[in-house]
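Peer 1: I am attaching a structure below and will ask some questions about it afterwards.
No lab work stands behind these numbers, since they all come straight from the coordinates. Note that the coordinates shown come from a computational prediction; the quantities given were computed from them, not determined experimentally. Reconstructed Cβ throughout: ideal geometry from the backbone, glycine too, with neighbour counts over all protein chains shown.
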Amino acid sequence: MSQSVPSFAELLDSARESAVHLEMRDTYGVTSEADAVARWRETGEADTDPDSPYWAPWTSLARRTVARGVIMRRARIISVPVSAYIRYEHAGTVVNIAAGENVRWLPRRQASDLALPGNDFWLIDGRLIRWNHFTGDGASAPGEVSTDRAAARLCAEAFEAVWQRAIPHSEFKLD
């Protein structure tokens, strides 16, 4: 069943136990990141200050979520060698961790035998899915929310299978 799509603040504020996020693209072209990605490509510098104006909205939300006892985990399935975007994302992951998220990386070849949903998603408390849709070039497309039990079970099982195989951020090396 599809529902109206809540903001990420509403979504995470509704979490009571867990919020898991599976990312499966090698590049994203999200408008809100465009300037930061361009700066990183030009200078090699990434904003890694969790309290900077760029990151503060996310880190405040994540910290508030984790402070309630919600476990936040993010897993990324990536191709190796990695794309320039994944290098940018890897450089900024210290911010996710500082905000209380646990992050792991799984090389795509190690995911070949896993049953995965067709889209990135957030799964809240094992029951509410926020599907993240993107255009072919990685721009954000309208999201979708579902409480379909079978889809939630697929997402939960897929995430756990990825998480078990994935490498913690502190151990994952790009080269």
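Peer 1: With the contact rule set at Cα under 8 Å and sequence spacing of 6 or more, what percent relative contact order holds for the range 2-171? Write down the numbers at each step before the final one.
Peer 2: On the way: 287 pairs, mean separation 52.2, N = 170.
Relative CO of the range 2-171 lands at 31 percent.
Peer 1: Specify the inter-centroid distance of the range 112-160 and the range 88-110, based on alpha-carbon positions, in whole Å.
Peer 2: 18
Peer 1: How do TRP163, TRP131 rank when sorted from fewest to most other Cβ atoms within 10 Å of their own Cβ?
Peer 2: Fewest to most other Cβ atoms nearby, the residues stand as TRP163, TRP131.
Peer 1: Tally Lys/Arg at +1 and Asp/Glu at -1 over every other residue whose Cβ is under 11 Å from the Cβ of TYR54; what's the total?
Peer 2: On the way: positive: ARG39; negative: GLU33, ASP35, ASP47, ASP49, ASP51.
Local charge sum for TYR54: -4.
Peer 1: Next question. Arrange the following residues from fewest to most other Cβ atoms within 10 Å of their Cβ: VAL66, VAL95.
Peer 2: So the residues, fewest neighbours to most, are VAL66, VAL95.
Peer 1: Once every DSSP H run of n ≥ 4 in the chain is given -39500 (n - 2.57) and the sum is divided by its residues, what mean residue ellipticity at 222 nm do you get, rounded to the nearest 500 deg cm²/dmol?
Peer 2: Working: 5 runs with 60 residues, N = 175.
Taken over the chain, the calculation gives -10500 deg cm²/dmol.
Peer 1: May I ask you to work out the translational diffusion coefficient for the range 34-175 at 20 °C, viscosity 1.002 mPa s, via Stokes-Einstein with Rh from the Kirkwood sum over Cα pairs, reported in whole µm²/s?
Peer 2: Details: Rh = 16.4 Å.
It diffuses with D of about 131 µm²/s by this estimate.
Peer 1: Still on this structure: What full-extension length gain, to one decimal in nm, is calculated for ASP49 and ALA151 as 0.36 nm per residue of separation minus the Cα-Cα distance?
Peer 2: Values: separation 102, 0.36 × 102 = 36.72 nm, distance 3.60 nm.
Here the segment from ASP49 to ALA151 would lengthen by 33.1 nm.
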